[in-house]
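Have a look at the structure below, then the notes.
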Amino acid sequence: MQQSGSLACVGLGMMLGAHLSPRSRSHIQQADVVFGLVSDPLVELWLQQMRPDARSLQPFYREGKSRQTTYREMIESMMVEVRAGQDVCGVFYGHPGVFALVPHKVIELARKEGFPAHMEPGISAEDCLYADLGIDPGTYGCQHYEASQFMFFQRRIDPSAYLVLWQIGIAGDRSLARFATGGDYRRLLVELLMADYPPSHEVIAYEAATLPITAPRMGRLPLSEIVSAELHPHTTLVIPPSQPMRRNQAMLDRVAQLDLELSAELS
Amino acid sequence: MSQVIQFLDAAGSNAQLSAVDYAASVAMLQVDADEKQALLDRDHLALATLLDGRSKMYCYINSPDSDEPEPMDDDDDGGMPEKEE
């Protein structure tokens with residue numbers, strides 16, 4: 001007999017009132033237990049008013065405490081209820097699966113323990129970024145990295161595509177216990193980027209609007225000024241292409257040959 | 001539901017809410033004068049304070065290296081943290 005208990009992780013989207021899907025709303029309304037991790041205090045109040053019994057995951061964060069511990073505690077607190085046979089809904093801002101480790105990990109664990117678990121997509125900051133900045137990721141391609149991961153690992157980037165760096169406010173933090181890193185760490189990031197981008201290259205500090213009474217932040221500045229720019233936990237760095245795309249003539253020639261052969265077969 | 005939160009929720013789903021209609025809608029709300037002014041000023045920080053929203057919100061839920069071993073926190077006793085005052 002299948003054990004009771006289930007898990008659904010849903011996203012509220014970025015803007016209060018604008019992005020919540022009907023399906024995700026129904027998960028929130030119908031769950032036995034609701035956990036929430038949202039990015040705006042007014043959005044958290046909205047969730048609390050929708051579900052007065054909703055449990056915020058915010059108190060698990062603490063300056064100086066490793067976020068790996070925080071994430072583990074968040075996951076365990078949700079799993080306690082799933083194991084108790086409850087239908088649990090984890091509510092997250094944006095899309096619960098985009099640059100969000102906790103929803104993926106808790107779903108993975110729930111499934112491993114034999115519980116039904118799934119994720120409902122939501123509108124992420126990435127989606128808002130495309131809309132607000134008028135960027136189509138399909139035009140030149142778009143690379144996304146967590147800023148610190150971009151610094152700690154050797155990545156091959158294509159400067160003829162967009163490059164988006166997330167969690168730029170804590171770029172370079174290895175402790176996972178800080179909520180901001182300063183200019184010295186960002187200077188290292190800028191030096192890394194200057195291998196492919198000139199210091200004058202215009203980049204965009206982007207923050208999606210979370211309320212209908214606020215506007216997105218779309219601050220344009222030279223790459224070099226990232227060192228001293230005011231960056232927040234929810235700031236994303238968008239780096240437009242610095243070079244035109246370069247044709248792959250060898251591949252184009254091979255495709256042309258294939259087209260000829262196909263035409264010959266059909267005629 | 002708080003009228004302010006309800007109003008913000010409705011405003012978020014109304015793509016055609018003009019500045020004039022916004023101000024008129026705020027004027028009709030049965031809320032405290034401070035809340036009304038904060039809405040008119042579009043001051044979300046003031047609204048959060050007036051409505052006793054959480055003073056500090058964290059939004060990092062991703063780590064750069066998920067393969068790194070977890071640290072041994074000295075004061076990690078697991079479970080839900082105590083409710084904030």
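The values are calculated or read from the model by the stated rules, or taken from the named source; none is laboratory data. Note that the structure is a prediction, hence the values are computed from the model and not measured. Neighbour counts run over all protein chains shown; Cβ positions are idealised from the backbone, glycine included. What goes into the accessible areas is simple: the full protein's heavy atoms, side chains included, and nothing from ligands, DNA or RNA. Shrake-Rupley method; radii C 1.70, N 1.55, O 1.52, S 1.80 Å.
Taken over region A:219-258, residues that are open to solvent by 80 Å² or more (accessible area, probe 1.4 Å) and touching a residue at least 40 places away in the same chain (Cβ under 8 Å) amount to 6. For region B:1-18, filtering for residues that are farther than 18 Å from A:Arg51 by Cα and either facing another protein chain (nearest Cβ under 7 Å) or not hydrophobic (A, V, I, L, M, F, W, C) (or both) leaves 6. Scanning region A:220-267 for residues that are among the polar types (S, T, N, Q), assigned to a helix (DSSP H, G or I) and touching a helix residue (DSSP H, G or I) at 6+ places or on another chain (Cβ under 8 Å) gives a single hit, A:Ser224. When residues in region A:134-190 are screened for being in a helix (DSSP H, G or I) and out of contact with any helix residue (DSSP H, G or I) (no Cβ under 9 Å at 6 or more places or on another chain), 5 of them pass.
Just one of the numbered conditions (1) under 21 Å from A:Thr214 (Cα atoms); (2) assigned to a helix (DSSP H, G or I); (3) at the interface with another protein chain (Cβ under 7 Å from one of its Cβ atoms); (4) not charged (D, E, K, R) is not true of A:Pro59: (1). Mind checking which residues of region A:124-152 are open to solvent by 60 Å² or more (accessible area, probe 1.4 Å) and within 14 Å of another protein chain (Cβ to nearest Cβ)? Listed by number, the residues that qualify are A:Ala131, A:Phe152. Restricting region A:90-116 to residues that are small (Gly, Ala, Ser) and open to solvent by 10 Å² or more (accessible area, probe 1.4 Å), the residue that is farthest from A:Glu44 (Cα to Cα) is A:Gly114. For A:Gln49, the conditions (1) open to solvent by 20 Å² or more (accessible area, probe 1.4 Å); (2) outside any helix (DSSP H, G or I); (3) facing chain B (nearest Cβ under 8 Å); (4) not charged (D, E, K, R) all hold with the exception of (2). Considering region B:31-45, the residues that are outside any helix (DSSP H, G or I) and within 13 Å of chain A (Cβ to nearest Cβ) include one that is surrounded by the fewest Cβ atoms within 10 Å (Cβ to Cβ), namely B:Asp41. I'd like the full set of residues that are in contact with a strand residue (DSSP E or B) (Cβ under 8 Å, 6 or more places away or on another chain) and open to solvent by 10 Å² or more (accessible area, probe 1.4 Å), limited to region A:52-89. Within region A:52-89, A:Asp53, A:Ala54, A:Arg55, A:Ser56, A:Ser77, A:Glu81, A:Gln86, A:Asp87 meet the criteria.
Please enumerate the residues belonging to region B:19-30 that are surrounded by 14 or more Cβ atoms within 10 Å (Cβ to Cβ) and away from every other protein chain (no Cβ under 11 Å). Answer for region B:19-30, where residues must be surrounded by 14 or more Cβ atoms within 10 Å (Cβ to Cβ) and away from every other protein chain (no Cβ under 11 Å): B:Ser25, B:Leu29. Scanning region A:163-178 for residues that are open to solvent by less than 20 Å² (accessible area, probe 1.4 Å) and either hydroxyl-bearing (Ser, Thr, Tyr) or in contact with a Pro (Cβ under 6 Å, 6 or more places away or on another chain) (or both) gives a single hit, A:Gly169.
Just a yes or no: is a residue in region A:100-113 assigned to a loop (DSSP other than H, G, I, E, B) and farther than 30 Å from A:Arg247 by Cα? Within region A:100-113, one or more residues are assigned to a loop (DSSP other than H, G, I, E, B) and farther than 30 Å from A:Arg247 by Cα. For A:Ser39, state whether it is open to solvent by 10 Å² or more (accessible area, probe 1.4 Å) and at pLDDT below 95. Answer is yes for this residue.
Note on region A:153-162: residues that are open to solvent by less than 10 Å² (accessible area, probe 1.4 Å) and either under 23 Å from A:Gly183 (Cβ atoms) or of a type in the set (D, E, K, R) (or both) total 0.
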